[in-house]
Amino acid sequence: MGYALRMATMNGLTFHDLARHLASPGHLSLPVSSINAIAFMFGCPREPLRNAFVVRHFRAGNQAAYFLGHLFLRTYLLRQARPQLCPVCVGRHGRARAAWSISLLTACVFHGVRLIDRCVCSRPILWRRPSIDLCECGLRLTDEHQGARPADTRELSVSGQIEYLLGSGDVDVSAPPIHAFPEGFDNVTIDTFVRLIWIFGIVDDLQIDEHPKSTNRRLQTVDAGVVACLAYDRLSAAISSSYPARRMRLVGKALCNLYDDVSTPADATLISSLASRLQELSASPSIPRLIRKNRQLSLFEDDHDPIP
Ligand SMILES: [Zn+2]
Ligand SMILES: [Zn+2]
């Protein structure tokens, strides 16, 4: 979408013009069906463009999506029509990064600042704006007018791990050092990782996940940042066996659902290792099933020091 917006601006068009031409005047983002037309209009190869679109499809009766070469089984964890951005990146490079479409990526690991999805004028940031660095109100969407709030270190760890799992190739060597994510999460798929962050981040409200029609699952950046920080704390606690027992039942059920969807041995090992960590604290009826399946494997056998 960022590419289309930049190309439209360079050609004297607005995103609204593009949307009206390729979809309908009401569209806040461009549909997959417009890939060929965009490639033709702006002279770019079709495949990289397709890679940067959220391409939805049905899989076992549920909506799934391919994005940046990865499969996502929870499309509400991708943001399309309501973008977020790093004001420093936009100020320096004048472009949007595709990774910002992952809703639980809430911090820029290159500049150590929080992403924003709202201008200081309080308007939500849309693709339908005058240009990549301008809000409808006339203020620039850069640190000059938006400021740059430092991100929480836990939020940075989650965002850094998402960037790593996405395989973002453009890591800036001058990026500030960030706290590494706890060990054991490096070989999982991005889908399993973001779903684990979601499960542990909203554990007190897990009933939300039981209602497929709930709209509360599409979080604003500020709320997604809270989810990321809580998930970091709780995953760290689960690994160090200090996880509160009262949350066990909900998490156990969610982990079982996640386990049923995984497609790689690394994902299965991570989830069953987390499940056996939780099992050490409380006997949950749903968790032993996972442990039996992976009795020989555990990533977290040794006692780790609690991570502050
Ligand atoms: Zn940035
Ligand atoms: Zn504004």
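Readers should treat all values here as calculations from the given coordinates under stated rules, not as data from a laboratory. If you're wondering where the values come from, they're calculated on a predicted model, not measured in any experiment. Heads up, the Cβs are rebuilt from the backbone with ideal geometry, glycines too, and the neighbour counts pull from every protein chain shown.
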For Arg20, Arg79, what ranking results if the residue with the fewest other Cβ atoms within 10 Å of its Cβ goes first?
Arg20, Arg79
Given axes a ≥ b ≥ c from the Cα gyration tensor, I'd like to know whether the range 1-53 is rounded (a/c under 1.5), prolate (a/b larger than b/c) or oblate.
oblate
Quick check on the exposure proxy: order Arg46, Arg195, Arg82 from fewest to most C-beta atoms within 10 angstrom.
Arg46, Arg82, Arg195
Among Tyr66, Tyr259, which comes first, then next, by fewest other beta-carbon atoms within 10 Å?
Tyr66, Tyr259
